[in-house]
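**Student:** This structure is in structure tokens; I'll ask about it shortly.
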Amino acid sequence: MKKLIAVQEGLHEVADYLQANGYRVTNIDNSRNPIDVIVYSSSNDEYLAHNMTGVIQLPANNKFVKMLNIDEVGMEDIINRIEEIE
């Protein structure tokens, strides 16, 4: 089964791309299952518009999840970077 990827709110293009490539996609706040990777953007302020505290609340089963910044990795390399994470 493909990894479960939490995509930051507002990164719809990234979420669609990952789903098209067979990944299970959720958002950061609503996942009840262990997340394999969080994809976020340091330049995306849409998440803060939904969450006025700016704090990401993760369920206890996701305290040590890997995070990838799409601004640094880029769409062309995101799948390779996800697959490198064990």
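Coordinate-derived values only; no laboratory data. Keep in mind it's a predicted model, so treat the numbers as computed, not measured. Don't worry about glycine lacking a Cβ; one is built from the backbone with ideal geometry, like all the others, and counts go over all protein chains shown.
**Student:** So how much slack lies between Asp71 and Asp29, counting 0.36 nm per residue of separation and subtracting their Cα-Cα distance, in nm?
**Tutor:** 13.0 nm
**Student:** Still on this model: Provide the packing ranking of 72-80, 14-22, 35-43, 2-10, i.e. peptides ordered by the mean count of other C-beta atoms within 10 Å per residue, highest first.
**Tutor:** Listed from highest to lowest mean packing, they are 2-10, 35-43, 14-22, 72-80.
**Student:** For the pair Ala20 and Ser42, how long in nm is the line joining their label points, each one 7 Å along Cα→Cβ?
**Tutor:** My value for the distance between the label points is 2.7 nm.
**Student:** Fully extended, how many nm does the chain gain between Asn80 and Glu13 (0.36 nm per residue separation, minus their Cα-Cα distance)? Walk me through the numbers before you get to the answer.
**Tutor:** On the way: separation 67, 0.36 × 67 = 24.12 nm, distance 1.71 nm.
Result: 22.4 nm gained on full extension.
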